[in-house]
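A short write-up of the structure that comes next.
Readers should treat all values here as calculations from the given coordinates under stated rules, not as data from a laboratory. Please read these numbers as outputs of a predicted model, since none were measured by experiment. Here the Cβ positions follow ideal geometry from the backbone for every residue, glycine too, while neighbour counts run over all protein chains shown.
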Amino acid sequence: MALAEYIESERLWSNLMELAEIGGIQGGGVNRQALTSEEFAARDLCISWAEAYGLKITADDAGNLFFRIEGNEPNLPLVMTGSHLDTQPTGGKFDGAFGVLAGLEAARAIINSRTEHRRSIEIVAWMNEEGSRFAPGMMGSEAYVGVKSISEIKAVKDKTGVSVGDELLKLQDHLPGIKNVPFGRDVYCFIEAHIEQGPILEKEGIPIGVVTGIQGVRRMRVKIIGDDAHAGTTPYDLRKDAIEEASRTIEKMYTVFSTIEDIRFTVGMLTIEPNVPSVVASEVVFSIDLRHPDSEVLLDCEKQVRDLVAQTVSKCSSDVWCIAEADTIKFNEKVISAIEDEAKHLDLPCRRIFSGAGHDARQMSYFCPSGMIFVPSCDGVSHNINEYTNQSDILAGTKVLCTTLVQLANMREML
Ligand code: GLV
Ligand code: MN
Ligand code: MN
């Protein structure tokens with residue numbers, strides 16, 4: 001029996017559905033934010049599967065979890081795959097979860113088929129990809145590759161004042177006895193399987209997307225500082241109304257950015273002080289998520305954000321800053337070709353595709369040759385409780401992942 005035939009579609013699907021019950025919310029969605037008790041429980045479930053399949057389990061100081069199958073030459077740099085177990089507060093069953101569970105199922109198939117491989121293969125569940133509880137996201141992969149220090153990451157707090165460091169201590173207590181491994185262990189290549197989160201593959205009826213790169217992003221914050229005042233007595237000319245000026249600014253931004261081709265501009269979060277009905281607001285902070293495939297255009301749009309704030313805010317004062325900035329990246333051409341070759345061998349139609357969403361594979365691409373495999377998202381819906389991918393596409397993506405991992409684990413050349 002060929003290796004890909006060892007992938008068990010029913011098992012993989014039922015694992016995905018079981019995992020989705022952890023943090024499950026009404027309507028079929030999932031709220032399993034980073035380092036919460038739900039996310040700890042998701043780790044427990046994956047660990048129980050990994051133990052049953054015979055994988056070696058390790059973790060690092062950033063709360064990344066690794067599941068390993070030893071290769072015949074375990075001192076060679078390893079082949080890594082995986083994604084994340086955290087979700088957005090109104091997330092779905094597949095974003096992140098698919099990549100981790102596809103990796104585990106691929107590992108099970110490799111073990112059961114007794115397929116030989118030179119390099120060890122590890123499946124990773126990265127800590128906090130989504131960045132909704134602790135912003136910005138991709139903390140685990142950033143720590144792994146060293147683009148951010150662990151002390152900087154530990155200091156980040158959620159809205160209630162709990163820090164990543166506090167929760168990582170709890171995680172250590174929750175998972176005693178797991179061997180610790182250092183950051184930055186040598187990786188030959190990283191491949192992340194993920195749902196597309198867009199409409200292209202489904203529309204074209206193609207089960208496999210071979211991802212060529214990820215568009216650049218600026219995650220910004222704008223603070224408008226006014227003054228508390230009585231809503232009934234304070235004349236307009238004496239007010240410094242932070243909501244009034246923030247809303248005018250946001251409106252202008254939507255108008256300006258709606259005319260720029262391929263831009264994705266989102267204000268997804270607003271915090272207001274004191275946020276009561278009869279007091280003129282003294283402070284508004286809003287988020288901007290700005291993305292474009294052309295890094296030059298993105299840089300110009302970031303400047304436009306700053307200019308629009310300066311032009312629009314008059315009575316209040318303002319501050320604009322970036323919490324994360326990343327240019328557009330391209331994945332490794334040999335990794336891309338390896339994935340395409342495997343899809344062809346398996347007779348699965350594939351096409352090259354560019355990623356609008358961010359992924360840990362971005363951070364890994366700074367560190368080692370990297371690539372991604374996409375499977376279709378029904379109606380292109382994601383970050384939504386209705387996120388869905390057909391079981392046949394989950395199977396197809398996992399087969400391609402599995403055989404590509406072995407191919408790369410046995411490859412002799414440099415990527
Ligand atoms: C990841 O979820 C992103 O926001 O692109
Ligand atoms: Mn994801
Ligand atoms: Mn996501």
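In the set Glu340, Glu296, only one residue is away from ligand 1 (no atom under 16 Å from the Cβ), in a helix (DSSP H, G or I), free of Cβ contacts under 8 Å to residues at least 12 places away in the same chain and within 24 Å of the chain's Cα centre (by Cα); that residue is Glu296. Of all residues in region 104-132, those that are buried (at least 20 other Cβ atoms within 10 Å of the Cβ), in contact with a Leu (Cβ under 7 Å, 6 or more places away or on another chain) and basic (Lys, Arg) total 1.
On the given criteria, is Glu325 surrounded by 15 or more Cβ atoms within 10 Å (Cβ to Cβ), in a helix (DSSP H, G or I), on the phi < 0 side of the Ramachandran plot and acidic (Asp, Glu)? Here the answer is no, as Glu325 does not meet what is asked.
Please report, ordered by residue number, the strands (runs of 3 or more DSSP E) entirely within region 56-109 with at least 2 residues that are out of contact with any Pro (no Cβ under 9 Å at 6 or more places or on another chain), closer than 16 Å to Arg32 by Cα and within 16 Å of ligand 2 (Cβ to nearest atom). The qualifying strands (runs of 3 or more DSSP E) are 78-84.
Please return the ranges of helices (runs of 4 or more DSSP H) entirely within region 146-241 where 2 or more residues are within 30 Å of Ile272 (Cβ to Cβ), within 23 Å of the chain's Cα centre (by Cα) and away from ligand 3 (no atom under 16 Å from the Cβ).
Working: elements: 150-154, 164-174, 200-204.
In region 146-241, 150-154, 164-174 are the helices (runs of 4 or more DSSP H) which contain 2 or more residues that are within 30 Å of Ile272 (Cβ to Cβ), within 23 Å of the chain's Cα centre (by Cα) and away from ligand 3 (no atom under 16 Å from the Cβ).
Based on this model, can you work out whether Gly358 counts as part of a loop (DSSP other than H, G, I, E, B), buried (at least 20 other Cβ atoms within 10 Å of the Cβ) and either away from ligand 3 (no atom under 16 Å from the Cβ) or under 16 Å from the mean Cα position of the chain (by Cα) (or both)? Yes; evaluated as a whole, the condition is true for this residue.
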